[in-house]
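The structure under discussion appears below in the form of structure tokens.
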Amino acid sequence: MSNTKREFSVVGKRIPKLDAAQKAMGRAAYIQDIKLPQMLYGKILYSKYASANIIKIDTSKARALPGVHAVLTGEDVPEKMKMGFIKDNPPIKKGKVSCFRDEVAAVAAISPEIAKKALDLIEVEYEELEGIFDPERAMEKDSPLVHDHLKSNVLKMPWDIHYGDVEKAEKESAFVVEDRFTTTWVTHCCMGTSGAVALFDASENLTIYTNTQIPSLAQKDFLEALKAMGLKNKRVRVIKPTIGGGFGSKLDTYAYEHIAILLAYACRKPVKMVFDRVEEFKATSTRQPTIIYIKQGCDKTGKLTFRDMRMVLDNGGHTSWGATTPSVMLMPISSLYTVKNVKYTAKCVYTNNTYSQAMRGYGNPQATFAIESSIDMLAEKAGIDRIEFRKINKNHAGEETPQGLKITSCGLAECIESVEKELDFKDKSEKGVGTGIASLIHVGGGARIYGSDGCGAILKMDDYGKVDIFTGGTDMGQGLDNITAQIVAEELGLLAEDINVVHSDTDICPWDVGAHASRSTFVAGNAALGAAKKVKKKIQDFASKLFETPAEEIELKDKMVFVTGNPEKNMPIGKLLRKAHFSPGGNMLMAEHFYDPDNQNMGKELKGNMSMTYSFGAHGAKVKVDEETGKVEVLEYVAAHDVGRAINPLLLEGQVYGGVVMGLGYALTEEVTVANGEIMNANFRDYKLFTAKDAVKIKAPVIETDDKDGPFGAKGIGEPGCVPTAPAIANAIYNAVGVRIKDLPITPEKILAALKEKNG
Amino acid sequence: MYEHNTSEQLGETLPMTTTISFSLNGDKISYEIKDHWTLLHLLREEMGLIGTKEGCGNGECGACTVIVDKLAVNSCLYLAIEADGTTIETIEGLASTDGTLHPLQQSFVDNGGIQCGFCSPGMIMSSKALLDENPDANREEIQHALAGNICRCTGYIPIFESVEAAKKMGGQNE
């Protein structure tokens with residue numbers, strides 16, 4: 001709690017995003033805007049079937065088209081070039097296709113138009129196979145196999161967990177509820193579509209400009225790709241240009257990147273691959289759809305006794321990171337509210353549908369939808385007020401949850417109280433109006449998914465008091481540039497504008513595991529702070545000699561270095577830096593710091609403190625349901641979050657508002673419509689995002705719990721905004737009109753059908 | 001240099017070309033275009049004005065919004081040939097020659113109206129068309145004017161606040 005009373009100069013200030021002016025002037029260069037000399041344009045041909053054998057591909061006509069430089073099929077892909085975390089997915093398929101988005105060929109040509117025309121000239125002969133589209137059906141023994149060599153459609157994953165004794169706890173429970181919930185495919189809808197530009201230099205080293213949230217891990221993937229191509233001991237430089245949104249969609253490397261590399265190598269020219277919007281809908285990954293069975297119980301006083309959850313996840317045709325979302329789902333399942341006995345099994349099942357990836361919240365929104373809907377049902381059954389019920393079971397600092405999560409700072413109770421204060425839960429004045437509440441827990445201090453959860457930072461000061469900081473962290477619009485600048489400026493007594501944040505170039509920036517798990521403020525922030533502290537120490541040591549004062553008495557503030565209690569002994573920091581530089585035995589003030597949090601990988605028993613700290617929140621919604629049309633209007637929304645400390649409230653609100661609206665889409669309107677594996681609504685007319693017309697009034701109270709390990713007390717806030725949104729809305733609809741919708745999205749059709757059933 | 005040969009190499013009839021004249025951000029422009037080009041293609045791919053973005057190519061997202069004769073249009077649906085004789089404003093023309101941002105640009109910066117920034121040029125152009133026409137636009141009118149501009153980052157609230165703040169700053173600086 002050391003920071004609580006501290007006055008901050010830069011931390012806590014609403015400093016506009018550092019690159020916002022460039023973007024406002026239209027000067028920021030996105031992948032779409034990159035043009036290199038001799039650049040070719042790549043395009044991908046996708047499968048015509050959800051499941052089929054490729055009998056024959058004839059590319060001769062495409063190759064003969066003037067302007068075409070290369071045509072590749074699965075036969076041209078090196079055997080060991082595979083994608084996905086289990087490395088089972090070649091960037092162009094041969095033999096069998098397992099979903100509509102499977103790549104069957106690719107071309108590079110001198111213009112996008114010629115490349116498109118060449119795709120039309122590729123003749124593919126398929127033998128269509130029976131597809132399987134229902135994951136529960138795919139688990140049955142007589143189901144067609146998506147991948148013949150695997151013998152089963154069920155992935156070998158370890159999600160079979162039992163903490164405590166659920167059977168005993170159930171017997172001893174006074175009240176038990178049980179139900180089934182489903183969530184469907186939704187997609188990121190980044191406004192800038194996916195893309196990459198790959199080029200090889202004369203020594204066959206690769207540079208790739210790509211939309212990625214994981215420059216360092218992408219570099220590793222591409223190095224492996226080069227190795228598979230027979231290019232050993234080469235260098236890979238990953239540069240992320242400005243990107244038009246991430247939201248988890250760029251947490252893996254994808255076929256289009258690998259194909260750009262293959263084409264660039266085949267042609268020895270730069271190759272640009274940029275998706276159009278239809279392709280973005282059809283060939284990028286979704287949020288993992290789930291079928292959730294949940295049973296929870298409580299004693300007479302409302303204390304939770306157990307939680308038992310079973311899930312079936314539609315894995316689609318291939319395995320990407322979506323298959324690991326149960327590891328994050330486990331967090332709310334084991335640790336949202338205090339509950340000692342927990343059981344969780346999850347099965348990921350191959351189907352011939354599209355496959356899933358990380359998306360903001362990474363499984364947490366799905367799990368929390370079921371948990372918080374069910375909590376409302378349990379509170380009602382126990383005859384306890386729904387808000388009171390949540391307070392009875394609230395998490396608290398000092399708690400260790402069954403999964404082994406160590407709760408250090410916890411503002412859940414304050415968040416619930418804050419929502420109660422801002423929203424009138426008793427208001428039943430109008431017909432069809434109702435209120436709902438739902439809470440969240442999320443990782444707030446990194447997440448140890450890999451061997452390292454670290455981030456590096458290199459800080460150098462010039463002769464004039466300006467700082468360049470090279471961070472491993474990645475800004476994708478969320479504001480890591482500001483967070484880094486404000487933390488460094490605070491520590492060194494400078495202004496945010498004095499700090500130049502360089503990120504997302506693997507030739508220049510240190511390693512980082514990526515912009516995921518709401519970890520950047522905490523982990524990259526601590527890396528930057530660590531580097532700043534080292535430089536500060538050097539400044540203090542130098543000034544100590546200059547002023548003949550102990551180093552501890554040297555302060556840095558307002559771009560000045562001065563002696564505590566003796567402010568006339570001072571020097572502008574630029575002057576001091578020049579003195580340090582241009583003295584005999586001169587010294588440039590630089591430092592590096594690698595911060596790897598002391599969190600744990602979950603071992604074989606699936607226990608461990610995966611994050612240094614956890615973020616909490618509570619959301620409240622007031623809705624009006626039109627019983628004639630089934631339409632839901634969100635009248636008021638309150639999203640209270642425990643963020644440790646708000647480094648920049650302006651950007652923090654942006655994360656919360658954006659998260660909430662994404663969550664409202666998840667709750668009410670968004671759905672990738674899939675018919676026998678084919679996506680039917682690959683455009684913004686039919687995929688219903690919230691527009692400016694649908695915008696909702698949102699209040700975003702901030703609870704500061706000053707986390708002991710966070711940089712200046714901060715915890716992560718990137719994802720929480722969209723985690724409890726769907727259950728808050730579902731609970732409000734139930735409160736309004738007495739129907740509980742258990743399948744997302746909650747469309748007017750579903751509400752009308754439920755009302756009809758209820759009213760007879 | 002390649003693009004000009006495209007149609008010929010495709011073995012198709014060479015498209016018609018037309019020379020059009022228009023005003024672009026205050027400059028008088030004369031440009032030989034192919035008749036099938038969209039205004040977006042002309043601006044971005046031919047003239048290198050990358051500030052105008054393509055988000056969908058189908059008139060659904062508003063990222064490509066520019067102002068033609070005071071009206072906000074989706075330049076991905078607007079044929080370049082129709083621009084003959086018009087006055088066009090793009091995001092590149094908003095800031096003053098001394099570098100001062102237009103009040104809308106400044107207020108989007110100051111109020112958190114920009115995160116990833118991909119929708120921002122289109123958002124700002126739609127907002128400008130609105131305020132030029134209706135300097136006192138209320139929240140509902142702002143929402144209506146921006147209904148065709150999708151933003152996935154901000155939840156729209158900071159964007160509305162940006163437009164309202166720009167109103168107070170006096171709308172135009174021209």
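The values are calculated or read from the model by the stated rules, or taken from the named source; none is laboratory data. Source: prediction; values computed, not measured. Methodologically, a virtual Cβ is constructed for each residue, glycine included, from the backbone with ideal geometry; neighbour enumeration extends over all protein chains shown.
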Single unsatisfied condition, B:L79 versus (1) buried (at least 22 other Cβ atoms within 10 Å of the Cβ); (2) of a type in the set (A, V, I, L, M); (3) more than 19 Å from B:N134 (Cα to Cα); (4) out of contact with any Gly (no Cβ under 6 Å at 6 or more places or on another chain)
(1)
With respect to A:G586, is the statement that it is surrounded by fewer than 16 Cβ atoms within 10 Å (Cβ to Cβ), outside the structural domain of A:T253 (by TED's automatic domain parsing) and small (G, A, S) true?
yes
Quick count over region A:253-279, residues being surrounded by fewer than 24 Cβ atoms within 10 Å (Cβ to Cβ) and acidic (D, E), is 2
Hey, among the residues in region B:62-108 that are at the interface with another protein chain (Cβ under 9 Å from one of its Cβ atoms), not charged (D, E, K, R) and not in a loop (DSSP other than H, G, I, E, B), which one's nearest to B:Y31 (Cα to Cα)?
B:I91
Just give me the residues in region A:472-496 being within 14 Å of chain B (Cβ to nearest Cβ) and touching a residue at least 60 places away in the same chain (Cβ under 8 Å), in sequence order.
A:T474, A:D475, A:M476, A:G477, A:Q478, A:G479, A:D481, A:N482, A:I483, A:A496
Please go through region A:246-292 and give me each residue that is in a helix (DSSP H, G or I), away from every other protein chain (no Cβ under 14 Å) and either within 18 Å of A:I679 (Cα to Cα) or more than 23 Å from the chain's Cα centre (by Cα) (or both), ordered by number.
A:I259, A:A260, A:I261, A:L262, A:L263, A:A264, A:Y265, A:A266, A:A283
If I ask for residues that are under 29 Å from B:C116 (Cβ atoms), without any contact (Cβ under 8 Å) to a residue 40 or more places away in the chain and buried (at least 21 other Cβ atoms within 10 Å of the Cβ), which ones from region A:219-235 would you list?
A:F222
Restrict the check to region A:642-659 and report whether at least one residue is modelled with pLDDT of 95 or more, small (G, A, S), surrounded by fewer than 24 Cβ atoms within 10 Å (Cβ to Cβ) and within 30 Å of A:G713 (Cα to Cα).
yes
Checked against (1) away from chain B (no Cβ under 14 Å); (2) surrounded by fewer than 18 Cβ atoms within 10 Å (Cβ to Cβ), A:L72 satisfies every condition except (2)
Hey, does region A:111-120 have a residue that's within 29 Å of A:G42 (Cα to Cα) and more than 14 Å from chain B (Cβ to nearest Cβ)?
no
With the structure loaded, tell me whether A:G677 is touching a residue at least 12 places away in the same chain (Cβ under 8 Å), within 14 Å of chain B (Cβ to nearest Cβ), crowded, with 19+ Cβ neighbours inside 10 Å and touching a Cys at 6+ places or on another chain (Cβ under 7 Å) or whether it fails that test.
no
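When you look at B:E54, is it in contact (Cβ under 8 Å) with a residue 12 or more places away in the chain, within 13 Å of chain A (Cβ to nearest Cβ) and in a loop (DSSP other than H, G, I, E, B), yes or no?
Yes: the conditions hold for B:E54.
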For A:K80, state whether it is surrounded by fewer than 19 Cβ atoms within 10 Å (Cβ to Cβ), modelled with pLDDT of 95 or more and part of a helix (DSSP H, G or I).
no
Which condition does A:C190 not pass, out of (1) of a type in the set (A, V, I, L, M, F, W, C); (2) surrounded by fewer than 23 Cβ atoms within 10 Å (Cβ to Cβ); (3) within 17 Å of A:G477 (Cβ to Cβ), if it passes all the others?
(2)
Does A:V723 meet the test of being in contact with a Gly (Cβ under 8 Å, 6 or more places away or on another chain) and more than 14 Å from chain B (Cβ to nearest Cβ)?
yes
Is it the case that some residue within region A:315-327 is modelled with pLDDT of 95 or more, of a type outside the set (S, T, N, Q) and surrounded by fewer than 24 Cβ atoms within 10 Å (Cβ to Cβ)?
no
State all residues of region A:379-396 that are of a type outside the set (D, E, K, R), without any contact (Cβ under 8 Å) to a residue 60 or more places away in the chain and buried (at least 16 other Cβ atoms within 10 Å of the Cβ); if no residue qualifies, say none.
A:I387
Only one of A:L689, A:L664 that is more than 22 Å from A:I15 (Cα to Cα), assigned to a loop (DSSP other than H, G, I, E, B) and within 14 Å of chain B (Cβ to nearest Cβ)
A:L689
Residue hits (region B:22-51; in a helix (DSSP H, G or I), closer than 15 Å to B:P121 by Cβ and of a type in the set (A, V, I, L, M, F, W, C)) are B:L39, B:L40, B:L43
Can you tell me which residues in region B:110-140 are within 11 Å of chain A (Cβ to nearest Cβ) and either assigned to a loop (DSSP other than H, G, I, E, B) or among the charged types (D, E, K, R) (or both)?
B:D110, B:N111, B:G112, B:G113, B:I114, B:Q115, B:C116, B:G117, B:F118, B:C119, B:R139, B:E140
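Taking B:S162, is it within 13 Å of another protein chain (Cβ to nearest Cβ), touching an Asp or Glu at 6+ places or on another chain (Cβ under 9 Å), under 27 Å from A:R685 (Cβ atoms) and without any contact (Cβ under 8 Å) to a residue 60 or more places away in the chain? Steps first, please.
Numbers: within 13 Å of another protein chain (Cβ to nearest Cβ): yes; touching an Asp or Glu at 6+ places or on another chain (Cβ under 9 Å): yes; under 27 Å from A:R685 (Cβ atoms): yes; without any contact (Cβ under 8 Å) to a residue 60 or more places away in the chain: yes.
Judged against the criteria, B:S162 is a match.
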Kindly provide the set of residues from region A:710-729 that are within 15 Å of A:C410 (Cβ to Cβ) and in a helix (DSSP H, G or I), ordered by number.
A:G713, A:P720
Among the residues of region A:133-150, is there at least one that is over 25 Å from A:I291 (Cα atoms), more than 14 Å from every other protein chain (Cβ to nearest Cβ), more than 30 Å from the chain's Cα centre (by Cα) and surrounded by 19 or more Cβ atoms within 10 Å (Cβ to Cβ)?
no
Under 8 Å between Cβ atoms, at least 6 apart or on separate chains: pull out the pairs that start in region A:14-25 with a residue that is more than 7 Å from chain B (Cβ to nearest Cβ) and end on any residue that is crowded, with 20+ Cβ neighbours inside 10 Å and among the polar types (S, T, N, Q).
A:R14/A:N648; A:I15/A:N482; A:I15/A:Q486; A:I15/A:N648; A:L18/A:N482; A:D19/A:T242
Go through (1) in a helix (DSSP H, G or I); (2) within 11 Å of another protein chain (Cβ to nearest Cβ); (3) closer than 20 Å to B:T52 by Cα one by one and return the number of the condition B:Q143 breaks.
(3)
Tell me whether region A:158-174 contains one or more residues that are under 19 Å from A:T319 (Cα atoms), of a type in the set (V, I, T) and in contact with a Ser or Thr (Cβ under 9 Å, 6 or more places away or on another chain).
no
Restricting to region A:44-62, give me the number of residues that are more than 14 Å from chain B (Cβ to nearest Cβ) and surrounded by 17 or more Cβ atoms within 10 Å (Cβ to Cβ).
11
Filter pass, A:V11 being more than 13 Å from chain B (Cβ to nearest Cβ) and hydrophobic (A, V, I, L, M, F, W, C)
yes
